[in-house]
Amino acid sequence: PLAAEIAARGLLVSEYAPGVAPQKLFFPQRNRIIAGLSLGTLVVEATRRSGSLITARFAMDYGREVFAIPGSIHNPLARGCHFLIRQGAKPDEEAADVLVELAPQLRDEGIALASAERAPAAPDEAPLTRHPSYQSLLNALGFSPTPIADLSARANLTTAEVSSMLLLLELEGL
């Protein structure tokens, strides 16, 4: 049903005949198609043996932009991104970095961007950070993945509070 809905509203591309069930071994072929149709590929997290690196390699082979988000050298999920950066991928920290890089290609396609250079609000400018609970949560955050239960304990907040507060902080670019 999902394939029929996509085909009715857009485009469905596959190397396989309709009705062929998805299988794990088909993922590289699917990702090759995605890399070929995309202007760029962003890898957020990847181990050194990640399927994401296969997709990034296809993108590089097709002359597409490849972006990677660097992470802690102690995090195994950042090693694939660091490898890509050493191979020439552009290190990015936020969506605006990708938009700035792709802006010329998007303009060539007739797509205008509002303001790709929009910077996130500085912590002292954001109204949320004036609230003691949000400040406590920001102080509890580190630079490595942390379970929400640990953040809750550090900030003396419930997991429900932390979850919704993190969403608002993310939306504010903090």
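Considering only region 154-165, how many residues are part of a helix (DSSP H, G or I), open to solvent by 50 Å² or more (accessible area, probe 1.4 Å) and not small (Gly, Ala, Ser)?
Residues of region 154-165 that are part of a helix (DSSP H, G or I), as a first pass: 154-155, 159-165.
With the extra rule that they be open to solvent by 50 Å² or more (accessible area, probe 1.4 Å), the set shrinks to 154, 159-161, 163-164.
With not small (Gly, Ala, Ser) added as a condition, the list becomes 154, 159, 161.
Total meeting the criteria: 3.
Taking the criterion of being assigned to a helix (DSSP H, G or I), closer than 26 Å to residue 97 by Cβ and open to solvent by less than 70 Å² (accessible area, probe 1.4 Å), would at least one residue in region 5-24 satisfy it? Spell out the reasoning first.
Restricting attention to region 5-24, the residues satisfying the condition of being assigned to a helix (DSSP H, G or I) are 5-9, 24.
After this cut, where a residue has to be closer than 26 Å to residue 97 by Cβ as well, the list is none.
No, there is no match, as no residue in region 5-24 is assigned to a helix (DSSP H, G or I), closer than 26 Å to residue 97 by Cβ and open to solvent by less than 70 Å² (accessible area, probe 1.4 Å).
So which residues in region 77-97 are at pLDDT 90 or above and either open to solvent by less than 70 Å² (accessible area, probe 1.4 Å) or among the aliphatic types (A, V, I, L, M) (or both)? Let's see the steps before the verdict.
Let us first name the residues in region 77-97 that are at pLDDT 90 or above, namely 77-92.
Selection gives 77, 78, 80, 81, 82, 83, 84, 85, 88, 89, 90, 92.
Here is a list of conditions, (1) at pLDDT 90 or above; (2) open to solvent by 60 Å² or more (accessible area, probe 1.4 Å), and residue 113 meets all of them except one; can you say which number that is?
(1)
Right, residue 70: at pLDDT 90 or above and under 17 Å from the mean Cα position of the chain (by Cα) or not?
On the way: at pLDDT 90 or above: yes; under 17 Å from the mean Cα position of the chain (by Cα): yes.
Considered against the rule, which asks whether it is at pLDDT 90 or above and under 17 Å from the mean Cα position of the chain (by Cα), residue 70 comes out as yes.
Name every residue in region 42-58 that is open to solvent by 80 Å² or more (accessible area, probe 1.4 Å) and in a helix (DSSP H, G or I), in order of residue number.
Scanning region 42-58 gives a single hit, 57.
Go through region 72-97 and report how many residues are under 19 Å from residue 174 (Cα atoms) and in contact (Cβ under 8 Å) with a residue 40 or more places away in the chain.
Counting residues in region 72-97 that are under 19 Å from residue 174 (Cα atoms) and in contact (Cβ under 8 Å) with a residue 40 or more places away in the chain gives 3.
List the number of the failed condition for residue 126; all other conditions in (1) aliphatic (A, V, I, L, M); (2) modelled with pLDDT under 80; (3) under 22 Å from the mean Cα position of the chain (by Cα); (4) more than 24 Å from residue 72 (Cβ to Cβ) hold.
Here residue 126 clears every test but (3).
Tell me which residues, restricted to region 132-153, are farther than 30 Å from residue 39 by Cβ, in a loop (DSSP other than H, G, I, E, B) and either at pLDDT below 85 or of a type in the set (Val, Ile, Thr) (or both).
142, 144, 146
Which count do you get for residues in region 59-71 that are loosely packed, with under 13 Cβ neighbours inside 10 Å and either in a strand (DSSP E or B) or in contact (Cβ under 8 Å) with a residue 60 or more places away in the chain (or both)? Spell out the reasoning first.
Of region 59-71, the ones loosely packed, with under 13 Cβ neighbours inside 10 Å are 61, 63.
From the residues that got through so far, the ones that are either in a strand (DSSP E or B) or in contact (Cβ under 8 Å) with a residue 60 or more places away in the chain (or both) too are none.
So the answer is 0.
The values are calculated or read from the model by the stated rules, or taken from the named source; none is laboratory data. Every value quoted in this text rests on a predicted model; they were computed, and no experiment measured them. Heads up, the Cβs are rebuilt from the backbone with ideal geometry, glycines too, and the neighbour counts pull from every protein chain shown. Side chains included, ligands, DNA and RNA excluded: accessible areas come from the protein's heavy atoms. Shrake-Rupley method; radii C 1.70, N 1.55, O 1.52, S 1.80 Å.
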